[in-house]
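Only one structure is covered here, and it is reproduced in the block below.
Nothing in this text is a laboratory measurement; each read-out follows from the coordinates by a stated rule. Everything numeric in this text was worked out from a predicted model, so none of it was measured. Neighbour counts run over all protein chains shown; Cβ positions are idealised from the backbone, glycine included.
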Amino acid sequence: MKKEKFLHRRRFLLASLLTVILFIAVWAFVVETGLVSTRYLPAPAQVLKTFVQKLSDPKPEGSTLGANILSSLKVASVGFLLAAVLGISLGLFMGWYPPVEKFVKPVFEIIRPIPPVAWIPITIMLFGIGFKAKVFIIFFGGFIPCVINAYTGIQLTSRTLIQVARTYGAGSWKIFWAVGVPSSVQMIFAGVRIALGVSWTTLVAAEMLAADSGLGYMILMGRQFARPDIIVLGMLIIGGIGALLSVVLMRIEQRMEHWRMKR
Amino acid sequence: MSESVKIHVENLTKKYGDLLVLDDISFRIQKGEFVCVVGPTGCGKTTFLNLLSCLIEPTHGRILIDGIPADPKKHDIAFVFQEPSSFPWLTVKGNIGFGMRMKGWPREKREKRENEILKLMGLEKFAESYPGQLSVSTEQRMVIGRAFAMHPDLLLMDEPYGQMDVKMRFYLEDEVIRLWKETGTTVIFITHNIEEAIYLAQKVLILTNKPAKIKEQLSIDLPHPRNVSDAEFIRMRKYVTEQIKWW
C-alpha cells in the first residue's frame, strides 16, 4: 500500500518534470533555430547566466536579484497580511452580526468592483511611490476576497450546530468562536488563496508603475534597457515564488483542517 | 410527591401570528422520569420541544425547572436533534466535552467526565477520531453521550432515530435506556413512532392535531427492557394508535 502510493507519487513527479523539460526544450528550439530573434526572446542558457550574474551584480537597474526579491516580498507580505487579518475579521463580523452587515455592506459593495490596479493613480497622488503606496494597493487587492469568503463562510454555518451551542447556554460571542469561526475555515482559506494570488499579481503592477526596486520594477527596467533576459528572468522568479507561496499556504491549510483529510 | 417534580409546564401556548400551534398545554414531569411525546405528523411537536429548550419564546405560559423559569444559562439542558449535529472539526472527545466547555467547567472536571462518558459509551478507542471517520451509528452514539455528559436537568430528544433503519434504532433505543438508568436524567423524547414510545417511556403524552393539546397522559408500568411482542405491550400500542388516529 505504502509502496504503491510512493510509486504513484513518483510517476506524477516524473510527469511534472517532463512537462517542464518539454517547455524549456520548445523554448530553446524556437530561439536556437532563429524562429524568434534573441533580441526579443533570450535563450534559456542566457537567462540562467543572467540569473547567476544578477545574484551579485546590481546592474543595470540598481539592485541585485536578492534585494529585488526581498523588496517585493516585504511589500507583498505586509499588504497581504494586513488584508488577511482585517478582511477576515470584517467578513466574519459582517456574516455573524446583522447590524454590522447592514452598516458596512453598502460601502463595501461599491468598493468591491474597483479593480486593485484602478487604485494606483490615486494612491500615487496620496502616498507617492514609496513603501506605503505599494502596500496600500496590494491591501485592496487581497482585502476584497478575504472579506467575501469569510462572510459567505460564516453565513453557511449549520443552524443545528448553532442551536446545539445555544441549548448549552452559550451566548452569541461564544458561539461565534466555538461554532462560526471553525466551520468557516475552509471558505476563509479559499479566500486567502485568492488573496495571495491577487496580492502577488497586483504587486508587480504596482511596481511597474511606481517603484524604485522590486521584481516588477526589474522587469520594467529590462524593457527600457532592451534586456529581454532580465525580463524573462524576472517573470520566472515571480512565477516561481508565487507557486512556492501557494504550496506553503496549502500546507498550512492541511495542518489546520487535518480533520477533513482524515476520512 | 410534589417536591420531586422536576419540570413544571403551565398553560404553554404558542402562536405564529394568527396560527395557533400549541394550545394551553400543562403537565408535570417527575425527576428522573422518561417521557415520550407522540402525536400526528405536523402537530407541532418540534415547536413544543423548541419551547422547552428555550430556543423560542412562548406566547403564553411558562416552563419551570426545579421551580425556576427555564434558562439555558442557569440550567443544564441538552438537546439531541433530528439531523446530525456533531462538530466535524472536533474529535469524539472534543464533541463530548463541548457542552462543558460552553458552560466553562474547569478542565480537570471536564476531562474526568469526558473519560467517564467515553467509557460508558464504549467509545474509548475512538476518542481521538473525528466524526467523519465514524459510522453513522457510532456518531449518533457519541451525540447521545454528549447529551448525557453534563448530567442535564432536562434532556430533550427530537425524533433522534427518525432516519434510521430498524436494527440501528433498536440498538440505540437500548443505549438510551441504559444511559438514562445509569445517570438518572429526566428525558423528554419526541417521536412519531408509537412502538418506540411504548418501548421507552414511563409516561406517554399524546398530543392532538394542530392546534396541539394534550389528549391524554398515559403511564406505562412495564419493566425495562420491554418485550415488543408481550401482550400488554401490544395492547398499549393499539390503544395509543387508536388515540392518535385522525384520519
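With the crude spin-label approximation of a point 7 Å out along Cα→Cβ, what separation in nm comes out for A:GLU109 versus A:LEU55?
Rounded to a tenth, the inter-label distance reads 5.5 nm.
Do you know the Lys pair count in chain A for C-alpha distances under 29 Å, with sequence separation 8 or more or different chains?
Taking chain A as the scope, the lysine pair count is 18.
What do the square roots of 5 times the Cα gyration tensor eigenvalues come to for region B:82-143, in whole Å, largest first, as semi-axes of the equivalent ellipsoid? Intermediate results must be reported in sequence, preceding the final value.
Numbers: eigenvalues 70, 34, 18 Å².
Square roots of five times the eigenvalues give 19, 13, 9 Å.
Choose one answer from A:ARG11, A:ARG166, A:ARG227: the residue with the largest mean-square fluctuation in a GNM of chain A with alpha-carbon springs under 10 Å.
Checking each option, the largest mean-square fluctuation is seen for A:ARG11.
Convert 25 °C to kelvin, take the viscosity as 0.890 mPa s, use the Kirkwood radius over C-alpha pairs of region B:84-215 as Rh, and evaluate the Stokes-Einstein diffusion coefficient in µm²/s, rounded to a whole number. Write out the running numbers ahead of the final one.
Numbers: Rh = 15.7 Å.
Answer, rounded: 156 µm²/s.
How would A:MET235, A:MET218 line up from fewest to most surrounding beta-carbon atoms within 10 angstrom?
Details: A:MET235 16, A:MET218 32.
Lowest to highest Cβ neighbour count: A:MET235, A:MET218.
Compute the distribution of all C-alpha to C-alpha distances in chain A, in bins of 5 Å from 0, and list the percent of pairs in each, rounded to whole numbers.
Histogramming chain A at 5 Å steps yields 1, 6, 10, 12, 13, 13, 12, 11, 9, 6, 4, 2, 1, 0, 0, 0 percent.
Report the calculated FRET efficiency for A:THR19 and A:LEU81 (r = Cβ-Cβ distance, R0 = 30 Å), to the nearest 0.05. Before the final figure, lay out the partial values.
Values: r = 33 Å, r/R0 = 1.09.
Here the calculated transfer efficiency is 0.35.
Compute the signed sum of charges (Lys and Arg +1, Asp and Glu -1) over the other residues within less than 14 Å, Cβ to Cβ, of B:GLN140. Provide the component values of the computation, followed by the final result.
Values: positive: B:ARG141, B:ARG146, B:LYS167, B:ARG169; negative: B:GLU83, B:GLU139, B:ASP158, B:GLU159, B:ASP165, B:GLU173, B:ASP174, B:GLU175.
My count for the surroundings of B:GLN140 gives -4.
Let's test the formula: R0 of 35 Å, r as the Cβ-Cβ distance of B:ASN227 and B:GLU182. What FRET efficiency results, to the nearest 0.05?
The computed FRET efficiency comes out at 0.95.
Under a GNM of chain B (C-alpha, springs under 10 Å), which listed residue has the highest mean-square fluctuation: B:PRO211, B:PRO58, B:PRO223?
B:PRO223
Only bridges whose two residues both fall in the protein assembly as shown count here: according to DSSP, what percent of them are antiparallel, nearest 5?
Around 55 percent of the beta bridges assigned by DSSP in the protein assembly as shown are antiparallel ones.
For a distance above 38 Å, tell me the whole-number percent of Cα pairs in the protein assembly as shown that qualify.
Values: 62866 of 129795 pairs.
Tail of P(r) above 38 Å: 48 percent of Cα pairs.
For a Förster distance of 41 Å, can you work out the FRET efficiency between the beta-carbons of B:ARG237 and B:VAL5, rounded to the nearest 0.05? Could the numbers behind the result be given before it?
Values: r = 28 Å, r/R0 = 0.69.
E(calc), rounded to 0.05, equals 0.90.
Output the DSSP H helices from chain B with an along-axis C-alpha extent of no less than 24 Å and a mean Kyte-Doolittle hydropathy no less than -1.0.
Values: long enough: B:166-183 (25 Å, -0.47).
Once both thresholds are applied, what remains is B:166-183.
For region A:109-179, take every pair of Cα atoms, bin their distances at 10 Å starting from 0, and report each bin as a whole percent.
17, 30, 19, 18, 13, 2
How compact is chain B by the rule of thumb for globular proteins, expressed as Cα Rg over 2.2 N^0.38 Å?
1.01
Based only on the alpha carbon positions, what is the Kirkwood hydrodynamic radius of region A:12-108, in angstrom? Don't skip to the end; give the middle numbers.
Working: mean 1/r = 0.0548 Å⁻¹.
Every distinct Cα pair counted, the radius reaches 18.2 Å.
Hey, what number do you get for chain A at 222 nm if only DSSP H runs of n ≥ 4 count, each worth -39500 (n - 2.57), divided across all residues, to the nearest 500? Before the final figure, lay out each step's value.
Numbers: 12 runs with 206 residues, N = 263.
My calculation for chain A gives -26500 deg cm²/dmol from helical runs alone.
Once both labels are modelled 7 Å past Cα along the beta-carbon direction, what's the B:MET168-A:GLN46 spacing in nm?
Modelled inter-label distance: 6.7 nm.
Calculated from DSSP H runs of 4 or more alone, at -39500 (n - 2.57) each and per residue, what is the 222 nm mean residue ellipticity of chain B, nearest 500?
Values: 8 runs with 85 residues, N = 247.
Mean residue ellipticity, 222 nm, calculated: -10500 deg cm²/dmol.
Once both labels are modelled 7 Å past Cα along the beta-carbon direction, what's the A:MET261-B:ARG107 spacing in nm?
2.6 nm
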